[in-house]
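Colleague: Supplied in structure tokens, the structure appears directly below.
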Amino acid sequence: MTSDTTLLHQMDHLVVLMLENRSFDNMLGFLCTDQGNRSPSGQPVEGLTGAESNPDGNGSKVTVFRIDQTQPGAYFMPGSVPGEEYHRVNNQLFGTQQVSSPAPAATNEGFVTDFAEMFPTRRGNSPGVTAADIMGCFPPEALPVLSRLAQGYAVCDHWYCSVPTQTMPNRAFALAGTSQGLVSDKACMAQAKANKVMFDVPSIFGRLSDKNIDWRIYGYNLEPLTRADFPDTMQADPGHFGRFMDFKNDAAGGSLTAFTFLEPAWKHDGNSQHPNDDVSSGEQLILDVYNALRTGPDWAKTLLVITYDEHGGCYDHVPPPAGATPPDQSEGEAGFDFTRFGVRVPTVLVSPLIERGTVFRVPAGSVPFDHTSVLKTIEERWGVDPLTARDAAAPGIGGVLTLDKPRDDNPLKGVIAPVAKGANPARGVTSHLEAVYDDLVAERLLPGD
């Protein structure tokens, strides 16, 4: 990795697609296993060997396995919604729900037992789901869109979510560099109801507006949930918000803003890839985003970031690092001090100025990539001041751009998104984020559809 940001200043557009609740191993762990965990350019990848395991409730070893995408229900794996709450993530990483500070070294050996504990509390479970199913990970042939982009451009194999917990705190870090001490979606919603805004802090959108730099947030088929997150988005002109069709039109018409933030569809029949949602629908969304950008007039000056807000309880074998910079002086919910990162999540960087087969990571011993690396990249590109101590300390991603001339090849030429077989057992269940969205509408923090 290089810290040179010279080529970053050739990028006029940064586009972020943030999907839901998948770990690196769950989506990309088998990406290069058959090539000795080497990328197409020969760089090492921190992937799976196939021998990784977790103990079950009896102490027996449960080994990681490849999900067979030809079988009905494969794209709804792991078949039940895993634990994603702060204490559940502690259980997965440390084997206990309460973790001291500073935390001991994580072992990542609690995924199977924690998944088993979740079955009685989750609706929409697949018939026959077992605790061992949490060890299932998608092979590259099951995810041709994400995998080909990871191999054809750059994959970040050490990108961590910012907090070892749920969606809303991690999305807050991605866009504001802090969750104001909150580590649960429940607490975020309580704050939204009390304060009429979810996080009462400046966001990157307000920072950009202060410098007259344009931005836009696109929901998929609804008003974007992010609109209710911060005072500067709540007060922003409606022209800053749109739906996915607006994004496609803007990309085709050469009218993308400097910063674009894309949301998926939140319902269980949507395309967010949140367990138990249809992972193949998310593949189609990624393909649609890529094609919209690649066929538009601004492709050569666009950097696309595809990432996931949190791991969502899905298995990953790499212990998250400590040494995270607390963003501010907020008192941490549940005693969390914000000095460690969350679980590793899939992140793919796409641009015609990225060399094929790039594995992009920081040097050993450096501050790793997390969601605030997006903020740092915006700050470096457009001269925006840091929002908190966390994004001030984060590494940017401009160094992934190394080519003097844009590539004209297409790693997704001829690739089509897969289609799931079998019915989604959770199709009739109100998703967690759909409920959050409905609550925000009920509180009049978002306009109804």
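Colleague: I'm checking my understanding of the structure. Among residues of segment 174-190 that are over 9 Å from E333 (Cβ atoms) and of a type in the set (G, A, S), which one is surrounded by the fewest Cβ atoms within 10 Å (Cβ to Cβ)?
Modeller: Per the criteria, the residue is A190.
Colleague: If you don't mind, there's one more thing I want to ask. If you check every pair at least six apart or on different chains, which have Cβ atoms under 9 Å apart with a residue in segment 90-109 that is among the charged types (D, E, K, R) first and a residue that is in a loop (DSSP other than H, G, I, E, B) and surrounded by 16 or more Cβ atoms within 10 Å (Cβ to Cβ) second?
Modeller: E109/G95
Colleague: Give the residue that is surrounded by the fewest Cβ atoms within 10 Å (Cβ to Cβ), with candidates limited to residues of segment 87-120 that are touching a helix residue (DSSP H, G or I) at 6+ places or on another chain (Cβ under 6 Å) and of a type in the set (G, A, S).
Modeller: A116
A quick yes/no check of all residues on (1) under 20 Å from V197 (Cα atoms); (2) of a type in the set (G, A, S); (3) at pLDDT 95 or above:
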{"residue": "E223", "(1), (2), (3)": "yes, no, no"}
{"residue": "D250", "(1), (2), (3)": "no, no, yes"}
{"residue": "F261", "(1), (2), (3)": "yes, no, yes"}
{"residue": "S280", "(1), (2), (3)": "no, yes, yes"}
{"residue": "E283", "(1), (2), (3)": "no, no, yes"}
{"residue": "Y290", "(1), (2), (3)": "no, no, yes"}
{"residue": "P297", "(1), (2), (3)": "no, no, yes"}
{"residue": "L304", "(1), (2), (3)": "no, no, yes"}
{"residue": "H311", "(1), (2), (3)": "no, no, yes"}
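Colleague: How many residues are at pLDDT below 90, among the basic types (K, R) and either touching a Gly at 6+ places or on another chain (Cβ under 9 Å) or within 30 Å of A300 (Cβ to Cβ) (or both) if we restrict to segment 410-449?
Modeller: Qualifying residue count for the region: 1.
Colleague: Hey, can you tell me all the residues within segment 349-379 that are among the aliphatic types (A, V, I, L, M) and touching a residue at least 24 places away in the same chain (Cβ under 8 Å)?
Modeller: Passing the criteria: L349, V350, L353, I354, V359, V362, V367, V374, L375, I378.
Colleague: So if I check each of R171, R216, R227, which one is within 20 Å of the chain's Cα centre (by Cα) and closer than 19 Å to N271 by Cβ?
Modeller: Step by step, each of R171, R216, R227 is checked, and only R171 is within 20 Å of the chain's Cα centre (by Cα) and closer than 19 Å to N271 by Cβ.
Colleague: So, one more: Please specify each residue of segment 104-124 satisfying the condition of being of a type outside the set (V, I, T) and either in contact with a strand residue (DSSP E or B) (Cβ under 6 Å, 6 or more places away or on another chain) or assigned to a helix (DSSP H, G or I) (or both).
Modeller: E109, F111, D114, F115, A116, E117, M118, F119, P120, listed by residue number.
Colleague: Is one or more of the residues making up segment 241-254 touching a residue at least 60 places away in the same chain (Cβ under 8 Å), surrounded by fewer than 22 Cβ atoms within 10 Å (Cβ to Cβ) and outside any helix (DSSP H, G or I)?
Modeller: no
Colleague: Can you name every residue in segment 392-412 that is of a type in the set (D, E, K, R) and not in a loop (DSSP other than H, G, I, E, B)?
Modeller: none
Colleague: Can you confirm whether T257 is among the hydroxyl-bearing types (S, T, Y), at pLDDT 95 or above, in a loop (DSSP other than H, G, I, E, B) and within 21 Å of V384 (Cβ to Cβ)?
Modeller: yes
Colleague: Scanning segment 425-440 for residues that are in a helix (DSSP H, G or I) and hydrophobic (A, V, I, L, M, F, W, C), which turns out surrounded by the fewest Cβ atoms within 10 Å (Cβ to Cβ)?
Modeller: A435
The values are calculated or read from the model by the stated rules, or taken from the named source; none is laboratory data. As the structure is a prediction and not an experimental result, all values here were calculated from the model. Don't worry about glycine lacking a Cβ; one is built from the backbone with ideal geometry, like all the others, and counts go over all protein chains shown.
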